[in-house]
Amino acid sequence: MKNKFFQIIIFIALFLVPAIGNIGVRPVQAGESREDNFQAERLTLSRAKQIALANSPSLDAAFERINQAREVVSQAKAACLPTIAATAGWDYTEATQYTGAGYDETKYSNRISATQVLFDGFYRKYANLSAQYGVEMRLAGQKEVKRLLAWSVAQAFLNTQLALENIKIAQSDIDFNRKQEIEAAAKQKIGTGSFSDVLNFQTKVNSAASLLLRARQDLKESTYGLAALLGYKNARLPHNMTVEPLSFEEPELLQSPVDLESLDSKMDELLAGRPDLNNASLAVRDAQARIQMAKASYYPTISLTGAYGANSGNSFLDKDRMAASAGININFEIFSGGVTKSRVREALSVKREFENTFKDASIKAVSNIRSSAENVTTTLQQLNLQKKNTRLIETTRELVEKEYTAGQVSLVRLNEAQNNFVNAMGERSITMASFILALEEFNYYTGGNIN
């Protein structure tokens, strides 16, 4: 009896306790895991890039373009293999009063043939080479999509961080002025303050509240844009995902991440990381291969042919009419109205176009890399100065606040100190975001943001 009692208790523990533990847990929605119900994710810039690269439809489209290019390679290789064809026919002839034939006749034909091109002026060789270049260009194009997407995500992410920082600044301004409003109202009641001071702080609170509403609207808009870049269909971040706020105490801010002195020696290496330049260089090589393809028409085409079957039998299985044949065909185009020559000139012109496009893109890339490297150094200096300036202005505001409370300075001076502090915090946030954006821009221009 006691054993039976313990078995019932174990049964209740195994089956009912888990059910009790799940009471109040939100069901797992489509596209999320069970852990999403419990763990909040802090979205960093690197994590945002990972999500965007994993979910982007534009990358899926680029991948399909790679598949298409690979199929072109298979088609080009097929031209190097023999062509085998089977044909069959049924032909009925009936005599009429207007023909000399006095009989009706039915003929059957069946034939299997094979053709192997032995020489075609190296057309197949360069067609295969051009197809291979096509695959490499599509791969470089996919990397270029990644580079552009990562750059767009960085800009949207920093806009979101700035909106969050503006909300914090506006809220702190509201808190400060509301505190001063309460103290001014208390002074008015005891006769040591004026009603104009109360109205002043009420006005400042309302102005800060207006800025808060604008910052919240900016946050909504930037978040929608960021969510769209991350590939979320409803343009909303998941309920458990929050954007990491700006950090002003990063250790890497103490020194410049870009060495301007060694930039010249590393320029070729930096340019090699640009997928758009690689694509432009491959386009020049592909154009050269297409020139050789156009020149192939200057040469004869030599083919080996073979066949077995009957052209006119009494049935499809008429063995008496079956025969085998083999031969070599040579086709040489003597005159085509200048088409071949025109195609060669066209291909040469295309190559020169791509060469000039590549040169122009390289020059612009060098200019952008140099400008972005200088921008990183400048914004870093501005950031360090702005951080020091913000601390000084904050200290000044605190001193002025104490002096105003003691009646040593006017309300105008307190308003000025608070406005300076609010502006300094805003400038510090903008400068911090500008520095991070400058780093992202440098990585964008060097192709480093792909990794």
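Structure notes:
- Within the stretch 379-430, the proportion of Cα pairs with more than 14 Å between them is 52 percent.
- Each of Lys187 and Ser207 was given a label point 7 Å from its Cα along the Cα-to-Cβ line. The distance between the two points is 1.8 nm.
- Residues with amide H under 5 Å from that of Phe119, placed H, sequence gap 5 or more: Ile302
- Measuring nothing but alpha carbons in the stretch 340-451 and taking Rh as the Kirkwood radius, the Rg to Rh ratio lands at 1.44.
- Under 28 Å from Lys341, Cα to Cα: lysines that are on another chain or at least 8 residues apart: Lys77, Lys125, Lys295, Lys351, Lys359
- Neighbour-limited loop hits for GluC sites (Glu not before Pro), the stretch 316-392 (at most 15 other Cβ within 10 Å; DSSP other than H, G, I, E, B): Glu333
- Nearest-ten-degree value, helix 411-446 long axis tilted from longest Cα axis of the chain: 20
- Among 151-158, 359-366, 294-301, the order from most to least packed when residues are scored by Cβ within 10 Å on average: 151-158, 294-301, 359-366
- Seen against the Cα atoms of the chain and their longest principal axis, helix 339-405 is set at about 10 degrees.
- The slack in the chain from Leu199 to Ala324, taken as 0.36 nm per residue of separation less the alpha-carbon distance, amounts to 34.0 nm.
- Spacing of the two label points (7 Å from each Cα toward its C-beta) at Leu399 and Gln217, in nm: 3.9
- At an R0 of 51 angstrom, the distance between the Cβ atoms of Ala406 and Asp264 translates into a FRET efficiency of 0.30.
- GluC sites (Glu not before Pro) within the stretch 58-159, DSSP loop, no more than 12 other Cβ atoms inside 10 Å: Glu94
- Count Lys and Arg as plus one, Asp and Glu as minus one, and take only other residues whose Cβ is under 12 Å from that of Asn206; the net charge is then 0.
- Taken along the Cα-to-beta-carbon direction at a fixed 7 Å, the label points for Glu353 and Asn331 span 2.9 nm.
- Count Lys and Arg as plus one, Asp and Glu as minus one, and take only other residues whose Cβ is under 11 Å from that of Phe354; the net charge is then +1.
- When only Cα pairs below 8 angstrom with a gap of at least 6 residues are kept, the chain shows a relative contact order of 22 percent.
- Residue (of Ser210, Ser342, Asn415) at the positive-pole extreme of the chain, dipole from beta-carbon charges: Ser210
- Considering the chain at the alpha-carbon level, its Rg and Dmax are found to be 38.8, 136 Å.
- Residue-by-residue Karplus 3J(HN,Hα) for the stretch 141-146, coefficients 6.51, -1.76, 1.60, Hz, glycine and proline x: x, 5, 5, 5, 4, 4
- Distance histogram for the stretch 193-235 (every C-alpha pair counted, 5 angstrom bins, percent rounded to whole numbers): 6, 20, 14, 13, 11, 9, 9, 6, 6, 4, 3, 1
- Length added when fully stretched, Tyr92-Glu416, from 0.36 nm per residue minus Cα-Cα: 106.0 nm
- 5 angstrom amide H check on Leu237, placed H, neighbours 5+ away: none
- Sequence-ordered 3J(HN,Hα) estimates for the stretch 181-197 from the Karplus curve with 6.51, -1.76 and 1.60 and θ = phi - 60° stand at 5, 5, 5, 5, 5, 5, 5, 5, 5, 8, x, 9, x, 10, 5, 5, 5 Hz, glycine and proline given as x.
- What the Cβ-Cβ distance of Glu346 and Thr377 gives, at R0 = 35 Å and to the nearest 0.05, is a FRET efficiency of 0.15.
- Nearest 10 degrees, 0 to 90: helix 57-78 Cα axis against the chain principal axis: 20
- Residue-averaged 222 nm ellipticity for the chain, from DSSP H runs of 4+ at -39500 (n - 2.57), nearest 500: -23000 deg cm²/dmol
- Net charge in the neighbourhood of Lys168 (other residues with Cβ under 15 Å of its Cβ; Lys, Arg +1, Asp, Glu -1) is -4.
- Bridging of Lys220 to lysines at a Cα separation below 25 Å is possible for Lys49, Lys168, Lys204, Lys233, once same-chain residues fewer than 8 apart are set aside.
Taken together, the values in this text are just the output of simple stated rules run on the coordinates, not laboratory data. These numbers were taken from a predicted model, which means no experiment stands behind them. Cβ atoms come from the backbone with ideal geometry, glycine included; neighbour counts cover every protein chain shown.
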